[in-house]
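Single-structure report; data block below.
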Amino acid sequence: MSGFDLPTHAYVPGKNTRHEEGAFDEIRSTAQAGMSVQALVRCDAYRVGLFYIENGYYWEAHEVLEPVWMALAPRAPEKQIVQGIIQLANAYLKVKMDRPKAALRLCDIAQTLIEENRESYSVDAPVAAIPRESYLEAIQSLRSSIR
């Protein structure tokens, strides 16, 4: 994925300064209630969120993925998958915050959300970049690095 700018820094609570209020509003606004699943996985909020995860901007990824998650239908497999991706970003962030137990707990949550919903995930979105199996591999790799 390219064409997106990275934030000035990766925010890690307790370690550096938080971004200005509203810094991600323009990106977040691309995910709106009422959008189809196909439109949501193609909007900048989703695509940038994945790009941020790939580049180590975990807090920022959560910020921009949250409106995508909120716009998806309750109990929809896509909503659960996005929640799993957000929890994976949170797990990586907890590692940076030196909170390995919290990171492991979040890995478990992310893995459950993704595994339990991956078969019924309906969107084939090449712009989404990372296959769900890659997220599961990332969870296993992160979990191994903590233990």
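Values in this text are rule-based calculations from the coordinates and carry no lab data. Since the structure is predicted, the reported quantities are computational estimates derived from the model, not experimental observations. Glycine gets a Cβ as well: all are built from the backbone with ideal geometry, and neighbour counts include every protein chain shown.
Quick one: how many residues across segment 1-19 are under 21 Å from LYS94 (Cα atoms) and either of a type in the set (Phe, Trp, Tyr) or assigned to a helix (DSSP H, G or I) (or both)? Spell out how you get there, then give the answer.
The first filter runs over segment 1-19 and keeps only residues under 21 Å from LYS94 (Cα atoms), leaving 6-19.
Right, trim to either of a type in the set (Phe, Trp, Tyr) or assigned to a helix (DSSP H, G or I) (or both) and you get 11.
Summing the residues that are under 21 Å from LYS94 (Cα atoms) and either of a type in the set (Phe, Trp, Tyr) or assigned to a helix (DSSP H, G or I) (or both) in segment 1-19 gives 1.
In segment 1-25, the residues that are without any contact (Cβ under 8 Å) to a residue 12 or more places away in the chain reach residues that are surrounded by 10 or more Cβ atoms within 10 Å (Cβ to Cβ) and part of a loop (DSSP other than H, G, I, E, B) with C-beta atoms within less than 6 angstrom, at least six apart or across chains, in these pairs: ARG18/TYR11. The selection criterion, being more than 13 Å from the chain's Cα centre (by Cα), among the hydroxyl-bearing types (Ser, Thr, Tyr) and under 28 Å from GLN140 (Cβ atoms), does not hold for THR30. Within segment 42-55, residues that are closer than 14 Å to LEU88 by Cβ sit with their Cβ atoms under 7 Å from residues that are acidic (Asp, Glu) and assigned to a helix (DSSP H, G or I), at 6+ positions apart or across chains, in these pairs: TYR52/GLU60. Taken as a whole, segment 71-79 holds no residue that is surrounded by fewer than 22 Cβ atoms within 10 Å (Cβ to Cβ) and within 20 Å of ARG143 (Cα to Cα).
Only one of the numbered conditions (1) under 13 Å from the mean Cα position of the chain (by Cα); (2) farther than 23 Å from LEU136 by Cα is not met by ASN90, and that is (2).
Taken together, the residues in segment 20-52 that are surrounded by fewer than 16 Cβ atoms within 10 Å (Cβ to Cβ) and part of a loop (DSSP other than H, G, I, E, B) amount to 9.
The set of residues in segment 96-109 being in a helix (DSSP H, G or I) and surrounded by fewer than 20 Cβ atoms within 10 Å (Cβ to Cβ) consists of LYS96, PRO100, LYS101, ALA102, LEU104, ARG105, ASP108, ILE109.
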